[in-house]
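Each reported figure results from applying straightforward, stated rules to the coordinates on display, with no laboratory input. Everything numeric here is computed off the predicted structure, so don't read it as measured data. Ideal geometry is used to build each Cβ from the backbone, glycine not excepted, and the neighbour counts take in all protein chains shown.
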Amino acid sequence: MASGVKPRVKVPKSAAAGDIITIKTLISHKMESGQRKDDDGNIIPRSIINRFTAEFNGQNVIDVVLEPAISTNPFFEFEAVVPEAGEFKFTWYDDDGDVYETAKQIALS
Amino acid sequence: MDLTRRNFIALGSGTFALATMSALPAFANLTDDAIAELTGGAALGEGGVTLNAPEIAENGNTVPIGVDAPGAVEISLYADGNPVPNVATFRFGPLSASRSASTRIRLAKTQNVVAVAKMEDGSFQMAKAEVKVTIGGCGG
């Protein structure tokens, strides 16, 4: 699943220092569980995103381990503290070794 | 389908069968094993974790679940009726504002969703919620 993976992240454009913001992330991925069978009864091999991390200026916000029970197009919502202006970096790790990354700038208001 | 008296009774007994099935010890043990692996057999307290789950999920493929456990360093989610009970583990970093997160999960059938939080002092707290699923989410 190297093609068609599109991360989408919602982060406010600016915040006051020390503010708590809500971040929502979604990435398009089929998250094949390894439990399903195709028409011939063969098991479709597992292919999921197994880890997601969010960092702000190199400091960890959240680190999630994903199992096959996470829905197609994994969605996460969580809260972060913004101590200064900087960049949020979001990383998804695929079973097949691919890494999907996206970053969002946030300014102080 | 017309909801005749006969159909209604059939439907009722079907639901009952499902309810008994979800109480099968095999699945519960898998979850208990997974939790024991996390906690190392430590006692589980209750009340420190809030688990937000719908009472009824029409589609088991995407069930919104939210957890909130003030003072937790790590929250793990389990579904005791899925083929694999582990669902996700959230580890909170220094810039995490609240020890809460939401996601969407798959549930194969009506079952309990369990959240176990590892607190800063090393103790464990848990919360449990039953979700009724009308269409399961594991394919097959």
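Some points to look at:
- Mean separation of Cα contacts under 8 Å (6+ apart) over length of chain A, as relative contact order %: 33
- log10 of Debye I(q)/I(0), alpha-carbon scatterers only, for chain A at 0.20 Å⁻¹: -0.99
- Overall dimensions of the protein assembly as shown by Cα: Rg and Dmax, Å: 19.6, 66
- Peptide B:102-113, shielding by other chains (average Cβ, 10 Å cutoff): 4
- For the range B:45-139, the relative contact order works out to 39 percent when only alpha carbon pairs closer than 8 Å and six or more residues apart are counted.
- Taking 25 °C and 0.890 mPa s as conditions, the range B:23-140 diffuses translationally at an estimated 172 µm²/s according to Stokes-Einstein applied to its Kirkwood radius (Cα pairs).
- With each label modelled as a point 7 angstrom along the Cα→C-beta vector, the A:LEU26-A:SER14 pair spans 2.7 nm.
- For the range B:51-71 versus the range B:78-137, the spacing of their alpha-carbon centroids is 8 Å.
- Cα gyration tensor category, rounded, prolate or oblate, for the range B:58-110 with a/c compared to 1.5: prolate
- Taking every residue in A:22-35 and counting other chain Cβ atoms within 10 Å of its Cβ, the average works out to 2.
- Using the average count of surrounding beta-carbon atoms within 10 Å as a protection proxy, the listed peptides A:22-35, B:34-47, B:94-107 rank, highest first, as B:94-107, A:22-35, B:34-47.
- Shape call, the range A:63-102: gyration tensor on alpha carbons, a/c limit 1.5: oblate
- If R0 is taken as 35 Å, the Cβ-Cβ distance between A:ASN57 and A:ASP98 corresponds to a FRET efficiency of 0.90.
- For B:SER123, the shell of other residues with beta-carbons less than 15 Å away shows a net charge of -2, using +1 for Lys and Arg and -1 for Asp and Glu.
- Inter-chain Cβ neighbour average for residues B:81-90, partner chain, 10 Å: 5
- For the range A:10-22, Karplus couplings with θ = phi - 60° (6.51, -1.76, 1.60), whole Hz, Gly/Pro x: 10, 10, x, 6, 8, 7, 7, 4, x, 5, 9, 10, 9
- Helix-only [θ]222 nm of the protein assembly as shown, DSSP H runs n ≥ 4, -39500 (n - 2.57) each, per residue, nearest 500: -4500 deg cm²/dmol
- Percent RCO, i.e. relative contact order, over the range A:1-53, from Cα pairs under 8 Å lying at least 6 residues apart: 29
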